[in-house]
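**Student:** I have a structure here, written as structure tokens, and I will follow up with some questions on it.
The values are calculated or read from the model by the stated rules, or taken from the named source; none is laboratory data. Everything numeric in this text was worked out from a predicted model, so none of it was measured. Reconstructed Cβ throughout: ideal geometry from the backbone, glycine too, with neighbour counts over all protein chains shown.
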Amino acid sequence: MANNQINHVALIMDGNGRWAKKRGLPRTKGHEEGCKRIIEIFDAVKANHIFCMTLYAFSTENWNRPKSEITLLFQYLDKFFKDNIATMMKDGVRVQVMGDISRLPKHSQKTVTKAIEQTKNNNNYVFNIALNYGSRQELVKATKEIAELVKENKLDINDINEQTISDHLYTYNLPPIDLMIRTSGEQRLSNYLLYQLAYSEFIFTPTYWPDFTKDKFEECLKEYQTRDRRYGKIEE
């Protein structure tokens, strides 16, 4: 078995609505139950000494959902930070956000900004949450920033390399993603971390996110340990 240390795990929390529908409940009940899994999985992340967890919480495409559902999602977001920020501070967790939060409801912008500011000096773990995030949008943002540097003669076009691009992504200060887990059985990335996941290991589990317990997460970690990460090389 390989000894693959995980420094960064990314998750697509999928299946809340289908979990609720299967039980004859409103979709929002699935989101409510899904919020409970977030801290459970983050506790497992910390227990396994994984430095960073990145969560796909709200994509740029999710604005197409019913307004009532969107409203409740952001209410759950506010409650999540209100309930957990003290523990995050105690555990030395730094909150980061990927995405353009300017479109979020004002109360959620305030909640997120406060969490970022309050935890900015913590360095034991990183809780990185994607809000109004899309990877294509992120790459456009990075391209514009780099182009502006060239335009201002602060960067020579011939000096642009992979590191230049990485330095202008939301994840610029985070380690490479070792493992990406998507729940619910869907097997696609859905505009998530397209650049960052180039050499990550993927696990697609049929379990809906509200049923994705600590034990399920631990199973994924064991599966990851069986992977042979060669990065294009061959074994001698």
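**Student:** Could you please find all residues in the range 46-75 being assigned to a helix (DSSP H, G or I), out of contact with any helix residue (DSSP H, G or I) (no Cβ under 8 Å at 6 or more places or on another chain) and not small (Gly, Ala, Ser)?
**Tutor:** 46, 61, 64, 67, 71, 75
**Student:** Quick check on this structure: which one of 85, 129 is hydrophobic (A, V, I, L, M, F, W, C), over 17 Å from the mean Cα position of the chain (by Cα), crowded, with 17+ Cβ neighbours inside 10 Å and modelled with pLDDT of 95 or more?
**Tutor:** 85
**Student:** Tell me yes or no: at least one residue of the range 149-165 is closer than 30 Å to residue 48 by Cβ, surrounded by 14 or more Cβ atoms within 10 Å (Cβ to Cβ), of a type in the set (S, T, N, Q) and in contact with a helix residue (DSSP H, G or I) (Cβ under 7 Å, 6 or more places away or on another chain).
**Tutor:** No: zero hits.
**Student:** I want to confirm something. Restricting to the range 194-224 and keeping residues that are of a type outside the set (Ser, Thr, Tyr) and farther than 23 Å from residue 43 by Cα, which single residue is surrounded by the fewest Cβ atoms within 10 Å (Cβ to Cβ)?
**Tutor:** 198
**Student:** Can you name the residue in the range 5-23 that is among the small types (Gly, Ala, Ser) and touching a Gly at 6+ places or on another chain (Cβ under 9 Å) and, of all such residues, is nearest to residue 172 (Cα to Cα)?
**Tutor:** 15
**Student:** Let me ask another. State yes or no: is residue 148 within 15 Å of the chain's Cα centre (by Cα) and either part of a helix (DSSP H, G or I) or of a type in the set (Lys, Arg) (or both)?
**Tutor:** Judged against the criteria, residue 148 is not a match.
**Student:** Six or more apart or on different chains, Cβ atoms under 7 Å: show the pairs whose first residue is in the range 113-136 and closer than 11 Å to residue 93 by Cβ and of a type in the set (A, V, I, L, M, F, W, C) and whose second is modelled with pLDDT of 95 or more and in a helix (DSSP H, G or I).
**Tutor:** As it stands, the answer is 115/81; 115/85; 127/42; 127/88, since those pairs meet every condition given.
**Student:** Further question: Taking the range 5-45, which residues are farther than 23 Å from residue 98 by Cβ and either in a strand (DSSP E or B) or touching a Ser or Thr at 6+ places or on another chain (Cβ under 9 Å) (or both)?
**Tutor:** 18, 19, 20, 28
**Student:** Restricting to the range 58-103, name every residue that is at positive phi and in contact (Cβ under 8 Å) with a residue 60 or more places away in the chain.
**Tutor:** Once the filter is applied, which keeps residues that are at positive phi and in contact (Cβ under 8 Å) with a residue 60 or more places away in the chain, the range 58-103 yields only 99.
**Student:** Across the range 99-133, what is the total count of residues that are within 17 Å of residue 82 (Cα to Cα), in a strand (DSSP E or B) and polar (S, T, N, Q)?
**Tutor:** Number satisfying all stated conditions: 1.
**Student:** Further, regarding this structure: Can you confirm whether the range 59-79 contains a residue that is exposed (fewer than 13 other Cβ atoms within 10 Å of the Cβ), within 19 Å of residue 217 (Cβ to Cβ) and either of a type outside the set (D, E, K, R) or out of contact with any Phe, Trp or Tyr (no Cβ under 8 Å at 6 or more places or on another chain) (or both)?
**Tutor:** no
**Student:** Name the residue, out of 108, 102, that is surrounded by fewer than 12 Cβ atoms within 10 Å (Cβ to Cβ) and of a type in the set (Gly, Ala, Ser).
**Tutor:** 102
**Student:** Another one. For residue 78, are the conditions met, namely being in contact with a helix residue (DSSP H, G or I) (Cβ under 6 Å, 6 or more places away or on another chain) and part of a helix (DSSP H, G or I)?
**Tutor:** Taking the combined requirement at face value, the residue satisfies it.
For (1) of a type in the set (Gly, Ala, Ser); (2) free of Cβ contacts under 8 Å to residues at least 60 places away in the same chain; (3) over 17 Å from residue 130 (Cβ atoms), each residue gets a yes or a no:
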| site | (1), (2), (3) |
| --- | --- |
| 169 | no, yes, no |
| 174 | no, no, no |
| 179 | no, no, no |
| 183 | no, no, no |
| 187 | no, yes, yes |
| 198 | yes, yes, yes |
